[in-house]
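Down below is the structure, laid out as C-alpha cells.
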Amino acid sequence: MTPPELDRTCALFLDLDGTLLEIAATPELVVVPAGLPALLSRLHHALDGALAIVTGRPLAVVDSLLAPFSASAAGEHGVLLRYDDGTLEEMPAGIGVPEAWRTSLATAAERWPGVLIEPKPHGCAVHYRLAPERGNDVWRMVRALVAEDHPWFRLIPAREAVEIGPRAASKGHAVERLMSQAPFAGRRPIFIGDDFTDEAGMNTARALGGEGLRVAEFFGGDPAVVRAWLKRGVDLLDGRLAAGPVAMGLSR
C-alpha cells in the first residue's frame, strides 16, 4: 500500500515509539535519530503548526526526547493535551492510577526478572519484552486489579506490554479535540501509528475525512521509512523536490 503525498491542507498526527522511533528493549533505551527534531520542526513550519505527537509517553518525556522541537501533543494516550498556544487540557481531570495498584505492580515485578514498570503521571505500564514467558502472569495480575467493567480505568494492550490508564481518554478523542481548533481545524487529518492504541486515532482521522496509516501496511513496519516519507513530504512542500510517485524503497 502506498502512502499519500503531503500537501499544505494536511494535518499530521504522529505516534512516537514504533512509528517515528524504533522500538527498544526498554523505554529508556530508545534512540532518537539526530535529524528527527529538525525534520519535525520543518514539517511544523510547512504545515503552519498542524502537526501533533500523539503517544502513550508522558508529555515531559516527549519533550525531553525530541528537544528542541515542541508543538501540539497528546500524552498518555490522550490523557493530557497540549494545544498550539501551549494551553494544557487534562482528560479527565484529576484521575490517576491508585498508589496501592502501583505498589502491587512494583512488588510483582521484583519477583519477575525482566518485567519492568513504567510509571506515568496518570497511568502505569508493565513491560515484559525482556521476559516474554511472563506475559500471561502480567495479564493475570493487571486483570485482578482492573475489572473489565471498571468505571474509571481500562487495560490498554501494547507490544509486549499492558498499561492501566483512564477509561475516558483515547488517541481518537485527542485527535477530535485538536481538530476542533486552529491550526488543525478545516484540514485533512493523517494519523500514522503502529499499535493497538493508535487504531482509535486512525479511525477518527478517517471519520473526519482524512486517513489512518498503519506502519506495517504503508511503511513496511519500519520507522526509518516513515521518517523518509516525512522528509520527502516536507521537501515537496518546500519546493526542494519534484512531485512524483512515492517510492517505498526509501533510504535511511
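Points worth noting:
- Per-residue ellipticity at 222 nm computed for the chain from its helices equals -9500 deg cm²/dmol, with DSSP H segments shorter than 4 residues left out and the rest contributing -39,500 (n - 2.57).
- Neighbour-count ranking [beta-carbon atoms within 10 angstrom, fewest first] of 159, 111: 111, 159
- Cα gyration tensor shape for segment 54-105, rounded if a/c is under 1.5, else prolate or oblate: oblate
- Net charge over other residues, Cβ less than 10 angstrom from the Cβ of residue 11 (K, R count +1; D, E count -1): +1
- Taking a ≥ b ≥ c as the square roots of the eigenvalues of the alpha carbon gyration tensor, segment 22-167 is oblate, as a/c is not under 1.5 and a/b does not beat b/c.
- Segment 104-177 versus segment 52-91: alpha-carbon centroid distance in Å: 20
- Other residues whose C-beta falls under 11 angstrom from the C-beta of residue 126 contribute a net charge of -1, scoring Lys and Arg +1 and Asp and Glu -1.
- Fewest-first ordering of 191, 184, 196 by other beta carbons within 10 Å of each residue's beta carbon gives 196, 184, 191.
- Fraction of antiparallel bridges per DSSP, segment 1-137 only, in percent to nearest 5: 60
- Amide H contacts of residue 211: 190, 191, each under 5 Å away and 5 or more positions distant or on a separate chain (H built 1.01 Å from N in the peptide plane; Pro and chain starts excluded).
- Simple rule: put +1 on each Lys or Arg Cβ and -1 on each Asp or Glu Cβ in the chain, find the dipole, and look at 96, 216, 59; the Cα lying farthest toward the positive end is 216.
- Over segment 99-166, the Kirkwood radius and the radius of gyration, each from Cα atoms, give a ratio Rg/Rh of 0.92.
- Relative contact order, percent, segment 99-166 [alpha-carbon distance under 8 Å, six or more residues apart]: 28
- Of 122, 150, 173, the one that fluctuates the most in a GNM where the chain has Cα springs shorter than 10 Å: 150
- Max mean-square fluctuation residue, GNM over the chain, Cα-Cα springs under 10 Å, options 41, 70, 180: 180
- The GluC sites (Glu not before Pro) found in segment 84-153 that occupy coil by DSSP, while having at most 13 further C-beta atoms within 10 Å, are 148.
- Sequence-separation-based contact order of the chain, relative, with Cα cut under 8 Å and 6+ spacing, percent: 23
- Net +/- balance of residues flanking residue 2 in space, Cβ distance below 14 Å, scoring K and R +1, D and E -1: -1
- For residue 197, nonlocal amide neighbours, meaning residues 5 or more places apart or on other chains whose placed amide H falls under 5 Å from its own, do not occur.
- The P(r) of the chain has a tail past 25 Å containing 42 percent of all C-alpha pairs.
- In the elastic network of the chain, a GNM with C-alpha springs shorter than 10 Å, the most mobile of 42, 143, 154 is 143.
Where a number appears in this text, it was derived from the coordinates with a stated rule and is not lab data. All figures in this text were calculated on a predicted structure; none of them were measured in a lab. A quick note on method: Cβ atoms are made from the backbone with ideal geometry, for glycine too, and the neighbour counts reach across all protein chains shown.
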